[in-house]
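Participant: Pasting in a structure now, in structure tokens, and then I'll have a few things to ask.
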């Protein structure tokens, strides 16, 4: 009897111990920390990953969300959801300077006591080094700065990191940086607010691509554990000592980026709590399921303004002919693509997205985007172009639903008289490949999300001759049009709100008159959070970063 | 979806057929006729053989179904199209991206996929591709396995060592992993070996990969048999008559391997079809938009709730085909040697 009682007691104790351990920790996925709105702990973000380890070379939205936590530039975007997030506020500089010298000169003063995450003091000359790296490495963003900043064109021709950029004068002792432009340009502050313009230590930032990110100034330090599977953002111990106002320190000690291609698995991970957020949108079956069962942690809202389109390489057959380009515009059915997006596409015939300054509805020369395509006209135009039967490769990447988009596009091109097939690359290398002239990509999938709230971010970045100065360009159609360039030159120093008609005319020109691109709409994105995250209060979309991880919080 | 390691069989030499014939009271009947007689009596094997032939027939008839019944092609998108089902106009793919299920009528008999492509048409064309790749790969495996098996078994010594160790290296890798590694590399850039250039989109790529991977599975038992055959009196007699190694290998040894080959071949085809499906499922088989059963299953998995037919239908087709081949292959094995000893190697 006594042995029996001991056994029962032991069993009861063991059961109690198991019960306590099961209830004790509510962080089942991210590890560490507690709930209840307190700071600290860790969250996991499921993502397709960074497209580059070098902070001056990344291109994707997924990458900017991580890099902006570790690389604060001279000025930065307000960490506010919605439109307020478009405001440029002081970053490493004490204030956002007013232009002088007829709008051509901006003088920044670095805050005192700035140090990088490795403890190295920040020097004013480090900023010039960053701009040099952008130019020497042929970053896709280099045209934001060259020839905008005086002396950058000459520097690019030399291609030597030791050469000087005459339009950037720095004084390390005084901590001042004077940037002089070739002409007034209202976009420059936006360009300088991007994470790729953030200073990094000159000694650790040479003129070659870095396999590991250099130290930066930011609330977090970015550590790439394995480029294809994991990166970690951990708190920068130097950050809190510097007291930079207006930039949140973030609510978590660690943010783990779990890299994978499989969007289905990402969604499952967020549902189960193995991940707290995903940078992609649930697709396929899962979107209706998520909408029905988890609507309290799924936000669906108008994104940062964005445009989805097919690029047409105007330097290669068949799209060197206007008729061939027009044919494609007539043939595309936006309603079909709405289905591929699971209902999340808002059809449009504009290149500029709604909600951006300078937008006005186009004439939709190729038909109502909500209506039916004109296949007969498209076929005739292909015949007229002389390229009937021409072989065309449709490029795309492997992130859902891009393969399905490309397959639809291939089918349309075959229907109107081309011989098309698809070529799929990994998402992490895709944009770099199609942006190289040597790749000779004739046409394919692409998209653009607003980097800053200015129509030039779309038309100048994607359709100007200036954009071709980068070794890897975002002007994947390799468009070089004198009218576009001269209009952009004229609009550069002007307020876009006051020049809507001119921007509208340019939008009409590139789509309706010249068919340089085939826009089909804008994506309504989702932000999907795990159960423990406070999606409603801390998950709203940021107009530049899409999601600002510094604003994420757990439920209180 | 992993493929099992191929079963390794050890089949007794055809000389035993005389003994079997005597036991069955059909003395004087040759081994082939005897085997055929046994096979005909195996109703289950015959039934599954017929089933396999029906599957092949259906897949060969894919163009007929596509052109005359479904009026579409396997790669044609119908995203915005509508169809009348039970008198009601229905979207082939809804605005939410949900494809129509089986209509049981000519168009979209088994429904559509998320690009609005006809599932039945893709199933049949996918079967053509899977069967073609599986069969040709098995043929390549057989030819090369017989070649290296005979060379290794006959010459022994250094030749045997080199060949056997090479086979061991291939054997050491799990078939699916090796297939994925080779598939990933070759589907990106194609194959360029001197004057030989094969496009990354060519079906030859998965054929050559699968054909290569399975060589050791067949070459090793063949080598074992050749080691035994070369010691037989008829080989000694041929040598005594002045026959050289080539003549002996072709006229004495190769014919005695024929029953082994006949037994192994259907099983090789089954394994090759399974591996092709695995590679297609993992995205390193035939490149899209061409269908195969593997990539159809892979595409369907993401829509298992809204469109279960997308994954289930090609999955069932694959199971039926491989099962039919395996049962028929077992029947062939039993017909050639009812006392065959089976060795499974991992």
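No lab work stands behind these numbers, since they all come straight from the coordinates. Note that the structure is a prediction, hence the values are computed from the model and not measured. So basically every Cβ, Gly included, is an ideal-geometry build from the backbone, and we count neighbours across all protein chains shown.
Participant: Can you say what percent of the DSSP beta bridges in chain A, counting only those with both residues inside, are antiparallel? Round to 5.
Facilitator: 75 percent
Participant: Applying 1/(1 + (r/R0)^6) with R0 = 51 Å to the Cβ-Cβ distance of residue A:384 and residue B:69, what FRET efficiency is obtained, to the nearest 0.05?
Facilitator: Efficiency computed from Cβ-Cβ geometry: 0.90.
Participant: Averaging the inverse of every distinct alpha carbon separation and then flipping it gives the Kirkwood radius. What is it for region B:245-308, in angstrom units?
Facilitator: For region B:245-308, inverting the mean 1/r across all distinct Cα pairs yields 14.5 Å.
Participant: What angle do you read, to the nearest 10 degrees and between 0 and 90, between the alpha-carbon axis of helix B:204-213 and the longest principal axis of chain B?
Facilitator: Rounded to the nearest ten degrees, it is 40.
Participant: Another one. How many nm separate the modelled label positions at residue A:228 and residue A:429, each set 7 Å beyond the Cα in the direction of the Cβ?
Facilitator: 1.0 nm
Participant: While we're here: Between the helical axis of B:258-281 and the dominant principal axis of chain B, each derived from Cα atoms, what acute angle in degrees is found, rounded to the nearest 10?
Facilitator: 30 degrees
Participant: Extent of chain B along each principal axis, from alpha carbon coordinates, in Å, largest to smallest?
Facilitator: The Cα atoms of chain B stretch 81, 53, 32 Å along their principal axes.
Participant: Something else now. With only alpha-carbon atoms in the gyration tensor, what are the semi-axes of the equivalent ellipsoid for region A:85-142, in Å, largest first?
Facilitator: So the three semi-axes of region A:85-142 are 21, 19, 12 Å.
Participant: Consider all pairwise Cα distances in region A:34-115 and report the whole-number % of them above 20 Å.
Facilitator: 56 percent
Participant: What is the mean number of Cβ atoms from other protein chains located within 10 Å of the Cβ atom of each residue in peptide A:342-353, rounded to a whole number?
Facilitator: 1
Participant: Per residue of B:67-79, count partner chain C-beta atoms within 10 Å of its C-beta, then hand back the mean as an integer.
Facilitator: Mean inter-chain Cβ contacts per residue within 10 Å come to 3.
Participant: If you don't mind, there's one more thing I want to ask. Just order B:284-294, A:288-298, A:511-521 by mean Cβ neighbour count inside 10 Å, highest at the front, would you?
Facilitator: With the highest mean Cβ count within 10 Å placed first, the list reads B:284-294, A:511-521, A:288-298.
Participant: Counting helices only, and only those DSSP H runs with n ≥ 4, report the 222 nm mean residue ellipticity of the protein assembly as shown as the sum of -39,500 (n - 2.57) divided by its residues, in deg cm²/dmol to the nearest 500.
Facilitator: -12500 deg cm²/dmol
Participant: Sticking with this one: With springs only between Cα atoms under 10 Å, which of B:109, B:234, B:336 fluctuates most in a Gaussian network model of chain B?
Facilitator: In the Gaussian network model the winner is B:234.
Participant: Let me ask another. Can you grab the distance from the C-alpha centre of region A:371-402 to the C-alpha centre of region A:47-123, Å, no decimals?
Facilitator: 41 Å
Participant: Determine how many Å³ per residue the convex hull of the Cα atoms of region A:50-181 encloses.
Facilitator: 127 Å³
Participant: Treating the Cα atoms of region A:173-330 as identical point scatterers in vacuum, please give the log10 of the normalised Debye intensity I(q)/I(0) at q = 0.15, 0.17, 0.18 Å⁻¹, two decimals.
Facilitator: For the requested q values the scattering log ratios are -1.18, -1.23, -1.25.
Participant: Could you state the principal axis extents of the C-alpha atoms in region B:20-144, from the largest down, to the nearest angstrom?
Facilitator: 71, 37, 24
Participant: Between residue A:439 and residue B:240, what FRET efficiency comes out of the Förster formula 1/(1 + (r/R0)^6) with R0 = 56 Å and r the beta carbon distance, rounded to 0.05?
Facilitator: The value I calculate is 0.25.
Participant: Enter the angle in degrees (range 0 to 90, nearest 10) between the Cα long axis of helix B:43-60 and the first principal axis of the Cα atoms of chain B, meaning the one along which they spread out most.
Facilitator: 50 degrees
Participant: For region B:180-338, with equal point scatterers placed on the C-alpha atoms only and solvent neglected, what are the log10 I(q)/I(0) values from the Debye formula at q = 0.09, 0.11, 0.18 1/Å, to two decimals?
Facilitator: Result of the Debye calculation: -0.46, -0.63, -1.08.
Participant: Cβ neighbours within 10 Å, averaged per peptide: list A:353-363, A:197-207, B:126-136 in order, most packed at the top.
Facilitator: B:126-136, A:197-207, A:353-363
Participant: Ok, one more. How much space per residue, in cubic angstrom, does the convex hull of the C-alpha atoms of the protein assembly as shown take up?
Facilitator: Measuring per residue, one finds 250 Å³ for the Cα hull of the protein assembly as shown.
Participant: Between residue B:36 and residue B:147, what FRET efficiency follows from the Cβ-Cβ distance if R0 is 25 Å, with the result rounded to 0.05?
Facilitator: It comes out at approximately 0.35.
Participant: Okay, moving on. Region A:98-173: Rg/Rh from Cα coordinates, Kirkwood Rh?
Facilitator: 0.99
Participant: What residue among B:73, B:251, B:164 has the largest mean-square fluctuation in a Gaussian network model of chain B, using Cα springs under 10 Å?
Facilitator: B:251
Participant: Where the Cα atoms of region B:89-247 are projected onto their three principal axes, how long is each span, largest first, in whole Å?
Facilitator: Over region B:89-247, Cα extents along the principal axes are 82, 33, 29 Å.
Participant: From the gyration tensor of the Cα coordinates in region A:494-545, what semi-axes in whole Å does the equivalent ellipsoid have, largest first, with each one equal to sqrt(5λ)?
Facilitator: Computed over region A:494-545, the values are 36, 17, 6 Å.
Participant: Given the options B:45, B:278, B:61, which has the most mean-square fluctuation in a GNM of chain B, springs set between C-alpha atoms less than 10 angstrom apart?
Facilitator: Comparing B:45, B:278, B:61 in a Gaussian network model of chain B, the most mobile one is B:61.
Participant: Simple spin-label model, 7 Å along Cα-to-Cβ: residue B:251 to residue B:132 in nm?
Facilitator: 4.1 nm
Participant: Note down the Stokes-Einstein diffusion coefficient of region A:238-364 in µm²/s, whole number, using a Kirkwood radius over alpha carbon pairs, 4 °C, and 1.567 mPa s.
Facilitator: Estimated diffusion coefficient is 69 µm²/s.
Participant: Beta carbons within 10 angstrom, averaged per residue: use that to sort the peptides A:481-491, B:262-272, highest first.
Facilitator: The most tightly packed comes first, giving B:262-272, A:481-491.
Participant: I've got another one for you. Measure off 7 Å from each Cα along the Cα-to-Cβ vector at residue A:296 and residue A:398, then give the distance between these two points in nanometres to one decimal.
Facilitator: 3.8 nm
Participant: Can you give me the Rg/Rh ratio for region A:374-456, using Cα atoms for both radii and the Kirkwood formula for Rh?
Facilitator: Ratio of gyration radius to Kirkwood radius: 1.04.
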